[in-house]
1. Using Cα-Cα distances under 8 Å and only pairs 6 or more residues apart, what relative contact order does the chain have, in percent?
2. Among the complete DSSP H segments of the chain, which ones combine at least 24 Å of alpha-carbon extent along their axis with a mean Kyte-Doolittle hydropathy of 1.6 or more?
3. What translational D, rounded to a whole number of µm²/s, comes out for the chain from Stokes-Einstein when the hydrodynamic radius is the Kirkwood one over Cα pairs, at 4 °C and 1.567 mPa s?
4. Can you pull out the trypsin sites (Lys or Arg not before Pro) in the stretch 246-310 that DSSP calls coil and that have at most 13 other Cβ atoms within 10 Å?
5. Over all alpha-carbon pairs in the stretch 188-245, figure out the percentage whose distance exceeds 17 Å.
6. On a full-extension model of 0.36 nm per residue, what is the gain between Arg258 and Ile309, subtracting their alpha-carbon distance, rounded to one decimal in nm?
7. Under the rule a/c < 1.5 gives rounded, and otherwise a/b versus b/c splits prolate from oblate, where does the stretch 58-153 land using the Cα gyration tensor?
8. Working out 0.36 nm times the residue gap between Arg250 and Leu236, then minus their Cα-Cα distance, what length gain in nm do you get to one decimal?
Amino acid sequence: MAGVAATVVLVAFDSTIVTTILPRVAEALGGMALYSWVGTGYLLATAASILIFGRLGDMFGRKPLMLISLAIVAAGSVACGLAQSMPQLIMFRTLQGIGGGMMIATAFAAPADLFPDARERVRWMALVSAAFAMASGIGPLMGGAITQEFGWRAAFFVAPIAALASFFLIWRYFPKFHPTIDGARKIDWVGGLLLIVAVAAPLGALQIGFARGGAGSPMLAIALAIAAVAAVALLLPYERRVSAPIFPLRVLRGWEPRLLNLAAFAIGAVMFILIFYSPLILQRELGYSPSAAGLLMTPLVAAISLGSIINGQLFPRQSEPQRLMVFGGLLLATGCVMVLFIHAGTPAWWILLSFTVNGTALGFLLPNMTLFMQMLSERRDIGIASALVQTTRAIGSAVGTAATGIAITYTSVLEGVRLGLIAAACLSVFAAVVAHRVKMKNVVSVKKHA
């Protein structure tokens, strides 16, 4: 589990360490016009690959994929540090995104291999969530400090160093489980291609359709949206006919998995509205510097660990553990309203408390969404089920971020952010209502599939 946690830390570093150094990188490489595509390429590659590698983990085992993903991320990071142009940087970051998607698909499913009993597993998943949350908070600060001291290229060499420790721990200690797929393990190439288009095309449409500064292309965005609809329309009947589908539709059989993914979509949107747009309130409304605003928002990430640990302690005692998600959703709605009431003159303690409430609430939601999907799925589908909820959350994140950006475009920065926070509070309540309808009465049922 130390190796799994180290892998998750690397995922977080890989995705966040670039956020503070990217302006300087774009300036040094003379590619400000391509600035947004460094993040977009990574996001699309990650989102499109999570489901694919979640299924391949079920088919061929998760240990080989974790080792390969560590090698890809390390090599991609070195290449980014040596990039001589923005197109090269975008290409190498996209390569890293594929490795990041492979990591997410395997690392979040790995605890299910090690701990068949959900009551025991939830405590260890708190470690994974805490590691991811803390590394996500440290990543931007580390990137800025390294860039200031040694230059931006040095920041890209953090991931390869971290990958060495993760690689050794996984290679040495993670057991090689036999795949749980019955029969011939054939790769469904056609289904995989359709799945990639179905996931990546709508995200690309959002990025391209609402890009700022005249960089958007509405016609291309519409074409991508049509491609996504066509891919879904072809994927569903095709996967029903294939003997070894890349996306077995049985993972969405019944209302509980569908409701969980609706909740994941909503929580993903809320989380990224808070992360991306709360700093605008702190800087525009209260006049804080970017660094001070970042420090005030630290509890949003740090408190995820607190919530995860409390959730892990309470989970085994619950006859209906979905109540923890209901509580988390209502607490998140309360936190969003608290942030909404931040205005000129708001004391720092209220700001810190607001983000602490939100972070704690996310600690009750993020690990449970993955755990519940695993409990509802057959043993042979643990990887794809875990990957599905991660992908749904990523899509919700993109939609929430884009929708709030549109609101800012048509109103003002502060009005748009406040509308986004109102939507976030409503989505949090929606997630709580949906979670209430997910009946999880037997927390040890997963043993039957072990």
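Throughout, read-outs are computed from the coordinates displayed, never taken from laboratory work. Keep in mind it's a predicted model, so treat the numbers as computed, not measured. Cβ coordinates were reconstructed from backbone atoms using ideal geometry, including for glycine residues, and neighbour counts include every protein chain displayed.
1. Working: 790 pairs, mean separation 103.5, N = 450.
So the answer I get is 23 percent.
2. What comes out of the filter, once short or polar helices are dropped, is 189-209, 322-340, 413-436.
3. Details: Rh = 22.1 Å.
Estimated via Stokes-Einstein, D reaches 59 µm²/s.
4. On the way: sites: Arg250, Arg253, Arg258, Arg284; in loops: Arg253.
In loop regions of the stretch 246-310 (DSSP not H, G, I, E or B), the sparsely surrounded trypsin sites (Lys or Arg not before Pro) are Arg253.
5. Working: 700 of 1653 pairs.
The answer is 42 percent, as a whole percent.
6. Values: separation 51, 0.36 × 51 = 18.36 nm, distance 2.64 nm.
Once the chain is fully extended between Arg258 and Ile309, it gains 15.7 nm.
7. Values: a/c = 3.78, a/b = 1.63, b/c = 2.31.
Since a/c reaches 1.5 but b/c is at least a/b, the shape of the stretch 58-153 is classed as oblate.
8. Details: separation 14, 0.36 × 14 = 5.04 nm, distance 1.13 nm.
Gain on extension, Arg250 to Leu236, equals 3.9 nm.
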